[in-house]
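Data block below; observations after.
The values are calculated or read from the model by the stated rules, or taken from the named source; none is laboratory data. Remember, it's a predicted structure, so these values are computed and weren't measured experimentally. Cβ coordinates were reconstructed from backbone atoms using ideal geometry, including for glycine residues, and neighbour counts include every protein chain displayed. Calculation scope for accessible area: heavy atoms of the full protein, side chains included, ligands and nucleic acids excluded. Shrake-Rupley method; radii C 1.70, N 1.55, O 1.52, S 1.80 Å.
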Amino acid sequence: HAMDSKVGEVLLYYCYCEVKDPEKLCAWQKALCQHLHLTGKVRVASEGINGTVGGSKVAVSLYIEVMLSQPLFKDILCQEDFKSSAGGAHCFPDLRVGVFKEIVPMGIDPKIVSYKETGIHLSPREFHREVEQYLSQASQGQSDTILLDCRNFYESKIGHFQGCLAPDIRKFSYFPIYVDENLELFRDKRVLMYCTGGIRCERGSAYLRSKAVCREVYQLKGGIHKYLEEFPDGFYRGKLFVFDDRYAICSNEDIISACRYCGTLWDQYKLCSSQHCRQLVLTCQSCRNKGLTACCPVCQEKELMVTSRASEQTLKEECECTRRRPRVPIERVLQRTLDAGKD
């Protein structure tokens, strides 16, 4: 499996633009991907397009070429906007192209909070300098800056920027509530935001700005993806979580997370082994060998009962670890004492 991940590529991109006829764009996009034998997910909306697709190197470069020449995106999308990593069509179970209200599911009407009100984009180099400065000030306990990870907890758990604030949220649609609940945290602060490829920051920064409490809001252009291309050994430590069958891509050898059962360093996710549960679990090889393959005791029990009668389909949320998880955390400490160097 390690070999075949090198054959092709997985592409990540988005483009905010006015789409008059999303249905038509959707049909065109589906035909294009099928023609090139690409798998993956593409979201189309009146506010633009967001996709992650996998296929052969030839297919992927043809796809980029066609996307760049499509009149809708012609003057907005450029080669730089496509982030690629080693992979291929096998990284996704199938192809899904659909029309949605938002191209990134934040759960706020695009007419109310528009991507047009976004924060100030920083290149990876500029962002790197900002983080460097932030860490040195934070180590003296005098920072007016918050380095904010706007991804989900299971993403930031296996990799993040040193000294970041990573909300304990399960999905991006909880991010606005997180901001609302923690407004005081952001008051008069400079906020440096980042996410995987940049798209969540487009709406997240717009939402934060709409609250009018921050001094300034900056975001990492191209996301962690582009940052790691330039700074594989920079301030981002650990793996980069991706939403396909690979779960993570690697830029440095650091492992910053632990096995859920024995605490040994481990950062390879597997799906919970309980049939209807969709939670990801960090469980190391030796714990897996002992049969510890579920995300929590409840799921482990469910699995032992093996009486999976179709009528008893449990909801994916119904699991000890999701029930116990507060949907949106309220940050108790205003300024966490940041160990700048070691995180």
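Which value, in debye to the nearest 20, gives the size of the charge dipole of segment 9-99 about its Cα centre, when Lys and Arg are +1 and Asp and Glu are -1 at the Cβ?
240 debye
Normalised by the residues of segment 9-99, what does the relative contact order come to in percent, with Cα pairs under 8 Å and at least six apart?
Relative contact order for segment 9-99 comes out at 45 percent.
Taking the Cα centre of the chain as the origin and placing charges on Cβ (Lys, Arg +1; Asp, Glu -1), which of Q133, C296, C150 is farthest toward the positive end of the dipole?
Farthest along the dipole direction, towards plus: C296.
Say the cut-off is 26 Å between C-alpha atoms; which of K83/K189; K111/K211; K74/K157; K83/K116; K30/K239; K41/K74 go over it?
K83/K189; K74/K157; K30/K239
Dipole of the chain (Lys/Arg Cβ +1, Asp/Glu Cβ -1, origin at the Cα centre): which of V328, I112, L12 lies farthest to the positive side?
Of the options given, the answer is V328.
Pull out a ≥ b ≥ c, the square roots of the eigenvalues of the alpha-carbon gyration tensor of segment 1-130, then state rounded if a/c is under 1.5, prolate if not and a/b is larger than b/c, and oblate in the remaining case.
In terms of gyration-tensor shape, oblate.
State, as an integer percentage, the relative contact order of segment 120-241 based on alpha-carbon contacts under 8 Å between residues 6 or more apart.
Computed over segment 120-241, the figure is 34 percent.
How many Å² of accessible area per residue for the chain, probe 1.4 Å?
With all protein chains present, the chain gives 49 Å² per residue.
At what distance in angstrom do the alpha carbon centres of segment 215-250 and segment 1-70 lie from each other?
Each part reduced to its Cα centre gives a spacing of 21 Å.
Once the piece of chain linking E253 and D75 is laid out straight, how much longer is it, given 0.36 nm per residue of separation minus the C-alpha distance between them?
Result for the pair: 60.2 nm of gain on full extension.
Can you list the trypsin sites (Lys or Arg not before Pro) in segment 137-185 that are in a DSSP coil and have 10 or fewer other beta carbons within 10 angstrom?
Of the trypsin sites (Lys or Arg not before Pro), not one in the loops of segment 137-185 has a Cβ with at most 10 other Cβ atoms within 10 Å.
Taking the Cα centroid of segment 163-203 and of segment 273-301, what is the distance between the two, rounded to the nearest whole Å?
Cα centres, segment 163-203 to segment 273-301: 30 Å.
Mind checking the dipole of segment 182-232: about its Cα centre, +1 per Lys or Arg Cβ, -1 per Asp or Glu Cβ, Debye to the nearest 20?
About 200 debye.
If you keep only loop residues by DSSP, which GluC sites (Glu not before Pro) in segment 16-113 have at most 14 other Cβ atoms within 10 Å of their Cβ?
Counting only loop positions with at most 14 other Cβ atoms within 10 Å, the GluC sites (Glu not before Pro) in segment 16-113 are E18.
What size of dipole, in debye to the nearest 20, comes out for the chain about its Cα centre when the only charges are +1 on Lys and Arg C-beta atoms and -1 on Asp and Glu C-beta atoms?
Charge dipole of the chain: 640 debye, to the nearest 20.
Restrict the search to segment 70-133; then list the trypsin sites (Lys or Arg not before Pro) that DSSP places in a loop and that have at most 16 other Cβ atoms within 10 Å of their Cβ.
Sparse-neighbourhood loop trypsin sites (Lys or Arg not before Pro): K74, K101, K111.
Multiply the residue separation of Q133 and S173 by 0.36 nm, subtract the distance between their alpha-carbon atoms, and state the gained length in nm to one decimal.
Length difference between fully extended and current span is 11.3 nm.
Using a probe of 1.4 angstrom, how much of the accessible area of the chain is carbon and sulfur, in percent?
52 percent
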